[in-house]
2 protein chains.
Amino acid sequence: MLILGIDGGGTKTEAVLLDEKARILNYRRGEACNVATLSEDAIAKVICSLLKDLSKVDIAVLGLAGAGRKKHLEKATRAVSRVLEAKQLIIMPDAEIALYSSTLFKPGILIIAGTGSIAYALDSSGNTYRCGGLGYLLDDEGSGYWIGLRVLQTVAKMLDSREKPSLLLEKTLEFLNVSTLDELVELTYSRLTVSDIASLAKIALELFEEDVYCRRIIGEACRELAQLAKCVAIKAGISSSTIFCQGGLFDSSTFTKLTELMLRKVFKKKIELKKPLFKPVVGALLFAWKKLGWDLDSLLVSLKNYSFLLNE
Amino acid sequence: MLILGIDGGGTKTEAVLLDEKARILNYRRGEACNVATLSEDAIAKVICSLLKDLSKVDIAVLGLAGAGRKKHLEKATRAVSRVLEAKQLIIMPDAEIALYSSTLFKPGILIIAGTGSIAYALDSSGNTYRCGGLGYLLDDEGSGYWIGLRVLQTVAKMLDSREKPSLLLEKTLEFLNVSTLDELVELTYSRLTVSDIASLAKIALELFEEDVYCRRIIGEACRELAQLAKCVAIKAGISSSTIFCQGGLFDSSTFTKLTELMLRKVFKKKIELKKPLFKPVVGALLFAWKKLGWDLDSLLVSLKNYSFLLNE
């Protein structure tokens, strides 16, 4: 029996091959697999690169970035079917497998804050709920893009004499290698991508202690994320004192602590914000295992032995 | 003596040909002329279409949208020079000729709020100052795009159970011809342009009285514009009790009255917000006339007789 789990994210893809005795047969990493932005051919190529000496599995569960929208899910299904033969093929958003790898199928909440942001919840009947994740124009509050755009706007206002210059101005201009408002405007509209803008979040995090603008931006981001979690908790009808977190912004302990504080305010009780033990790809394996009707505990015991499946 | 004034905006271009006796010899209208988005060839074509039976003038003053940035100004200069021979050729941003047509070269302030927003001021020495106008990503607070994006974000939150549904939801979905959150997200990222988003501002204006979300969005927009005016007033060191306004948003009397109220708060004194008597293209003629060292009063008396040069 061959079980394949894949986590295709915006920066890399991970694939794990498992047998019915909960032994890992193979672990591979490949390129990013955002199905909203990649063509059908490109998706097939990424998946194919992970399947060396393998085209047939019994059950494959793939969590792919961008698969939350019907049109992209259909494209991904066509692409994957071209290169992978599976008795059962299940594709879902990457955030959903991350949810399973976090709560291990118990009711719970996961906040993800990287370039974008989203909150996901699982209730006791196994239903999932989401809040946010509508992309950089429509919301993604508290995400890296959201923070980075505010950094850009603040710096533009400083150069336009509408805000007092601060350390944030100096560091951002240095990072972007520009020196005037004209150059900043030119760069913004000609070359900065969504992920370039999101990368400015790290400047705001670095200057959190020293710069009042950064404190304000980061504080608002953490509050927005807490509200996202509250919204999904209400949708799912669950009340938990542990909330899981994932994504680049939570690599910062400042960011994590402040979000925990905001969660406490929003939920009006102490909430522990916790990094999941397992990486998202494990969520795909758990989902497949559960689908086969097998007991999760024995699988979990086995997977804990593979350090490459654990979050550092 | 032939004097040519041109106002090239985001939706249309107007050209006026004047002689040394302040008589209008010709008035023509053409396509939009945003030099930030048009190619050199396209700019030359628009200008050329306005110059029937005319390739030589003594002095030409052109106010062109997008000419505020060096790179675009250079492109526009090359394009115009190809089709127009002028002893003196002067190109400036369209907002600057709008400023001259508003204050008639006296110190003063102009707020423009259409798709984008900007505030311009002229001091007693003839220097100009600007605030805002950095485009949809960097600021443009209080502009049509700014309002329209907030409408979209609010509606998305209503569909995501994060805000209570209101009349704004119904009207916006009807206007965009979508009915679910998925369809809204799909439409936003696949087809909505900056000006499509700006066009949603009219829904917020229409529902101002009935809808609390619209009242909040419009109120914030007007406050932002008042702050833009304050910022440019400080830069220019002028204090005036009349401020001029221009752009589609000020076609709404609700918007104009509310901005006037916000100006009063921000400036801490009564401010009259006034539509300029003349259209922006007149600013180009005035600039040329002044450049020639001639008296403006006689020109103004003459131009008032041409109804197509006046704002309705």
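The values are calculated or read from the model by the stated rules, or taken from the named source; none is laboratory data. Everything numeric here is computed off the predicted structure, so don't read it as measured data. Positions of Cβ are backbone-derived with ideal geometry, glycine not excepted, and every protein chain shown enters the neighbour counts. Note: areas computed on protein heavy atoms with side chains; ligands, DNA, RNA excluded. Shrake-Rupley method; radii C 1.70, N 1.55, O 1.52, S 1.80 Å.
A few remarks follow.
- Residue match in the stretch B:113-127 (condition: more than 30 Å from B:Ser39 (Cα to Cα), within 14 Å of another protein chain (Cβ to nearest Cβ) and either in a loop (DSSP other than H, G, I, E, B) or open to solvent by 20 Å² or more (accessible area, probe 1.4 Å) (or both)): no
- Flag if B:Leu99 is more than 12 Å from every other protein chain (Cβ to nearest Cβ), closer than 30 Å to A:Leu181 by Cα and either out of contact with any Leu (no Cβ under 9 Å at 6 or more places or on another chain) or touching a residue at least 60 places away in the same chain (Cβ under 8 Å) (or both): yes
- Residues of the stretch B:5-26 classified as touching a helix residue (DSSP H, G or I) at 6+ places or on another chain (Cβ under 7 Å) and free of Cβ contacts under 8 Å to residues at least 60 places away in the same chain, total: 1
- Of the residues making up the stretch A:128-147, those that are open to solvent by 30 Å² or more (accessible area, probe 1.4 Å), within 14 Å of another protein chain (Cβ to nearest Cβ) and assigned to a strand (DSSP E or B) are A:Tyr129, A:Arg130.
- Residue in the stretch B:261-272 that is without any contact (Cβ under 8 Å) to a residue 60 or more places away in the chain, of a type in the set (A, V, I, L, M) and in contact with an Asp or Glu (Cβ under 8 Å, 6 or more places away or on another chain) present: yes
- Residue within the stretch A:154-173 that is buried (at least 20 other Cβ atoms within 10 Å of the Cβ), in contact with a Gly (Cβ under 8 Å, 6 or more places away or on another chain) and of a type outside the set (D, E, K, R) present: no
- Restricting attention to the stretch A:227-274 and to residues that are within 14 Å of chain B (Cβ to nearest Cβ) and in contact with a Lys or Arg (Cβ under 7 Å, 6 or more places away or on another chain), the residue that is least open to solvent (accessible area, probe 1.4 Å) turns out to be A:Val232.
- Listed by position, the helices (runs of 4 or more DSSP H) inside the stretch B:238-305 whose residues that are farther than 30 Å from B:Ile90 by Cβ number at least 1 are B:253-267.
- Residue list for the stretch A:36-72, filter: within 12 Å of A:Gly9 (Cα to Cα) and within 14 Å of chain B (Cβ to nearest Cβ): A:Ala36, A:Thr37, A:Gly66, A:Ala67
- Residue satisfying all of: in the stretch A:73-86; small (Gly, Ala, Ser) and open to solvent by 10 Å² or more (accessible area, probe 1.4 Å); nearest to A:Thr11 (Cα to Cα) among these: A:Ser81
- When the stretch A:182-209 is limited to residues that are under 18 Å from the mean Cα position of the chain (by Cα) and more than 14 Å from every other protein chain (Cβ to nearest Cβ), the one that is surrounded by the fewest Cβ atoms within 10 Å (Cβ to Cβ) turns out to be A:Ser195.
- When the test is whether a residue is outside the structural domain of B:Glu141 (by TED's automatic domain parsing) and either aliphatic (A, V, I, L, M) or free of Cβ contacts under 8 Å to residues at least 60 places away in the same chain (or both), B:Leu303 passes it.
- Test: residue in the stretch B:63-84 that is within 24 Å of B:Val194 (Cβ to Cβ) and in a strand (DSSP E or B): yes
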